[in-house]
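The values are calculated or read from the model by the stated rules, or taken from the named source; none is laboratory data. Given the structure is predicted, the values throughout are model-derived calculations rather than measurements. Counting neighbours? That spans all protein chains shown, and the Cβs are built from the backbone with ideal geometry, glycine included.
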């Protein structure tokens, strides 16, 4: 079963899916081991993590596809990736599809911003025409080799220059008419009204359209307290929490660095003690060293294994 087929299957089998948005193979491995059913890799977090640059179109297709390949190869669950604007026009999109499909991911989404694009939650976003956006999505669907590889149409129209909710709805309907596998609107408020109106309008004309929700940290959901079940009840089938892996990397690392600068080795002593008994405490086991040892014992010459491990050849 391809990863695209696997993703489609779990979408059908579950009331809805949710996952933290992440960046690296390490993040993805943690998600799989803690029971999440798919991985989402964002362009914003990949840009700052790999390049140290903001999400304004600096990240290239090759860099994103390479990172996606590493993530996909580290887990056995579907991976969905952010393909920004498709890295060009409808013709350029065809290569993006081939690259991401070859990387082993299950799905990719493209947004309807003009290039160079920018983060969907900062000012200054401009849109391509509906016709151009639809043409790029059609080109993507035409280019895929595996019919189960999912093409997701994202619209940033709600908060873009010259846009608004009505424009986003028009684009969502056009994406559904074009045959997109999922539609991802980007909203501008942590309230229920925009996602409700969008879902109602799309499903009134396209009842079978699959909607994807970006649970964006920038919108401060802690203020409205609207949860995943609330969003799913509107008809959204899958969602991810944006920048989760990035934020959970940045904050503790910052705090540790500040603590070490003040207290020296005491900061490290505290960290080591906090890790005792934690599921991530044995880093070597998490990485897979016992499996490496098992392979070495099975396939390397016996004298080489003896040299490495002596009498202790059991994986552990």
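The condition of being modelled with pLDDT under 95, at positive phi and either part of a loop (DSSP other than H, G, I, E, B) or crowded, with 19+ Cβ neighbours inside 10 Å (or both) holds for only one of 120, 124, that being 124. Taking the numbered list (1) within 30 Å of residue 143 (Cα to Cα); (2) free of Cβ contacts under 8 Å to residues at least 60 places away in the same chain in turn, residue 186 passes all entries but (2).
To keep it simple, each residue is scored yes or no on (1) farther than 30 Å from residue 196 by Cβ; (2) under 20 Å from the mean Cα position of the chain (by Cα).
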{"site": "102", "(1), (2)": "yes, yes"}
{"site": "111", "(1), (2)": "no, yes"}
{"site": "118", "(1), (2)": "no, yes"}
{"site": "125", "(1), (2)": "no, no"}
{"site": "140", "(1), (2)": "no, yes"}
{"site": "150", "(1), (2)": "no, yes"}
{"site": "164", "(1), (2)": "no, no"}
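Candidates 158, 152: the one that is over 27 Å from residue 10 (Cβ atoms) and not in a loop (DSSP other than H, G, I, E, B) is 158.
Here residue 40 does not qualify as in a loop (DSSP other than H, G, I, E, B), surrounded by 20 or more Cβ atoms within 10 Å (Cβ to Cβ) and touching a residue at least 12 places away in the same chain (Cβ under 8 Å). Restricting attention to region 149-175, the residues that are surrounded by fewer than 24 Cβ atoms within 10 Å (Cβ to Cβ) and farther than 21 Å from residue 91 by Cα total 13. So is residue 67 assigned to a loop (DSSP other than H, G, I, E, B) and without any contact (Cβ under 8 Å) to a residue 60 or more places away in the chain or not? When the stated conditions are applied, residue 67 does not pass them. Restricting attention to region 219-236, the residues being closer than 19 Å to residue 22 by Cα and either modelled with pLDDT of 95 or more or surrounded by 15 or more Cβ atoms within 10 Å (Cβ to Cβ) (or both) number 3.
Of the residues examined, residue 286 is not one that is under 22 Å from residue 125 (Cα atoms) and surrounded by 14 or more Cβ atoms within 10 Å (Cβ to Cβ).
Let's see how each residue does on (1) outside the structural domain of residue 138 (by TED's automatic domain parsing); (2) closer than 27 Å to residue 20 by Cβ; (3) crowded, with 22+ Cβ neighbours inside 10 Å:
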{"site": "179", "(1), (2), (3)": "no, no, no"}
{"site": "182", "(1), (2), (3)": "no, yes, yes"}
{"site": "185", "(1), (2), (3)": "no, yes, yes"}
{"site": "189", "(1), (2), (3)": "no, yes, no"}
{"site": "198", "(1), (2), (3)": "no, yes, yes"}
{"site": "206", "(1), (2), (3)": "no, no, no"}
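Quick check on residue 306: is it in contact with a helix residue (DSSP H, G or I) (Cβ under 6 Å, 6 or more places away or on another chain), free of Cβ contacts under 8 Å to residues at least 12 places away in the same chain and not assigned by TED's automatic domain parsing to the domain that holds residue 46? No: the conditions fail for residue 306. Restricting 4, 21, 35, 86 to those that are in a loop (DSSP other than H, G, I, E, B) and buried (at least 19 other Cβ atoms within 10 Å of the Cβ) reduces the list to 86.
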